[in-house]
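J.: One structure, pasted below without further comment.
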Amino acid sequence: MNSNNHSKTSSGQYDSGRAEIQEIFATFSKALEENNAASITSYFTPDAEVNFSNLGQFKGVDQIVTGLVREGTPIDIARFKITNSYVAVSKEQAQQSAYLMGVFANDMGEGELDTFLFGGHFANTYVHTTEGWKISHLRFELDWQHGNSNYVTNWKLTDGAVGWHPKVVTPTILSELDAPWRVFPNPDDRGTDEEQVTETYLRYSWALDQADFSLLTTVFTEDAKADMSPFGPMSGRKEIVSLLKILRSGQPYMQHAATNFKVNVTGDTATMDIYRVVPFTPNRENLDAQIFGARYESRLRREQGVWKFEWLHYIPGWITNDKNI
């Protein structure tokens, strides 16, 4: 069975609000891509707040619409890709995590593009109202950027520095307080088995990328084994998490975006293939192509109701337009 982040594989998603929230966020991100936040004012509560590391802090719908406008050189092309979206619902509240990769570009002729590439992550809060689910707080952290920054003259760009320095700015998102697994560790609805297996990777990638190592320990069985570059074979949860902690500590950011999850569940065991989305400088021909930079093979086991990796294999290498994906 194929399981993607935004697939509606269970009618229970609608009952819990998770699918409705995913649709709200998809519509929001499309409006952001089109530089038209004014088109989605009804999606926010009147006192909604927005904290974007690249744009600033805004409160109230009018300020949000004004604050989210992108300023800079006009562009012909904008593409946003949302991945790794997870929603936890608890009664009348919900928390979401998601990744964004974006491209702004102008056509230079002969298929070449002048581009600005960027990526970041969200941690968002929603509330249920008489009119349905609405956004009460958006948080976005710009993790990286590359290319022609004239397209985003009003953005505060990342400096790529590791660790503290005199001009460091407090991050917009703190996983230990803002991640959905922290805010609602026991959500109302965990979805189908296939969705829960997929969520294990979403939890793994978020925990690693946000350096939330106590959360990372929850995704591996105690006897887990892994084979991942640059380490090679690893044995046991302690060794796996310890080495991943060392890897993450020397990086200003990580973004393990993924999609096209292929899940097969048999009782309390499962297998999952995962395809990693990595940034690349596009041209006109491959701008909308399905291109992956690596894939994972994995086996999982359900322990006390929670799916965990017992085997995780990272296989680097470009995969383009594979009909089997």
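J.: Of a type in the set (S, T, N, Q) and surrounded by fewer than 20 Cβ atoms within 10 Å (Cβ to Cβ): is that true of Q96 in this structure?
T.: No; evaluated as a whole, the condition is false for this residue.
J.: Tell me whether region 159-179 contains one or more residues that are assigned to a strand (DSSP E or B) and of a type in the set (A, V, I, L, M). Please lay out each step first, then the result.
T.: So in region 159-179, the residues assigned to a strand (DSSP E or B) come out as none.
So far as region 159-179 goes, no, none of its residues is assigned to a strand (DSSP E or B) and of a type in the set (A, V, I, L, M).
J.: Please go through region 28-69 and pick out each residue that is assigned to a helix (DSSP H, G or I), open to solvent by 40 Å² or more (accessible area, probe 1.4 Å) and touching a Ser or Thr at 6+ places or on another chain (Cβ under 8 Å). Give the steps one after another, and end with the answer.
T.: Residues of region 28-69 that are assigned to a helix (DSSP H, G or I), as a first pass: 28-33, 37-43, 61-67.
Those still in the list that are open to solvent by 40 Å² or more (accessible area, probe 1.4 Å) too: 30, 38-39, 41-43, 62-63, 66.
The one that is assigned to a helix (DSSP H, G or I), open to solvent by 40 Å² or more (accessible area, probe 1.4 Å) and touching a Ser or Thr at 6+ places or on another chain (Cβ under 8 Å): Y43.
J.: With the requirement that a residue be among the basic types (K, R) and either under 17 Å from S205 (Cα atoms) or under 17 Å from the mean Cα position of the chain (by Cα) (or both), what does region 239-294 give you?
T.: First, pick out the residues of region 239-294 that are among the basic types (K, R): 245, 248, 262, 276, 284.
Hits for region 239-294 are K245, R248, K262, R276.
J.: Still on this structure: Within the set of pairs 6+ apart or on separate chains, which have a first residue in region 283-305 that is under 24 Å from V265 (Cα atoms), a second that is charged (D, E, K, R) and surrounded by fewer than 16 Cβ atoms within 10 Å (Cβ to Cβ), and C-beta atoms under 8 Å apart?
T.: R301/D268; R302/D268
J.: Of all strands (runs of 3 or more DSSP E) completely enclosed by region 224-313, which ones contain at least 1 residues that are in contact with a Leu (Cβ under 8 Å, 6 or more places away or on another chain) and open to solvent by less than 20 Å² (accessible area, probe 1.4 Å)?
T.: Values: elements: 232-235, 258-266, 269-276, 291-303.
Fully inside region 224-313 and qualifying: 232-235, 269-276, 291-303.
J.: May I pose another question? If the Cβ limit is 6 Å and pairs must be 6+ apart or interchain, which residue in region 42-62 that is in contact (Cβ under 8 Å) with a residue 40 or more places away in the chain pairs with which residue that is polar (S, T, N, Q) and not in a loop (DSSP other than H, G, I, E, B)?
T.: Listed by first residue and then by second, the contacts come to T45/S136; A48/S136; N51/Q57.
J.: Give all pairs with beta carbons closer than 6 Å in which a residue from region 123-144 that is closer than 11 Å to A48 by Cα and in contact (Cβ under 8 Å) with a residue 24 or more places away in the chain meets a residue that is small (G, A, S) and open to solvent by 10 Å² or more (accessible area, probe 1.4 Å); count only pairs at least 6 apart in sequence or on separate chains.
T.: T125/S136; V127/S136
The values are calculated or read from the model by the stated rules, or taken from the named source; none is laboratory data. All of these numbers come straight from a predicted model, not from anything done at the bench. Ideal geometry is used to build each Cβ from the backbone, glycine not excepted, and the neighbour counts take in all protein chains shown. What goes into the accessible areas is simple: the full protein's heavy atoms, side chains included, and nothing from ligands, DNA or RNA. Shrake-Rupley method; radii C 1.70, N 1.55, O 1.52, S 1.80 Å.
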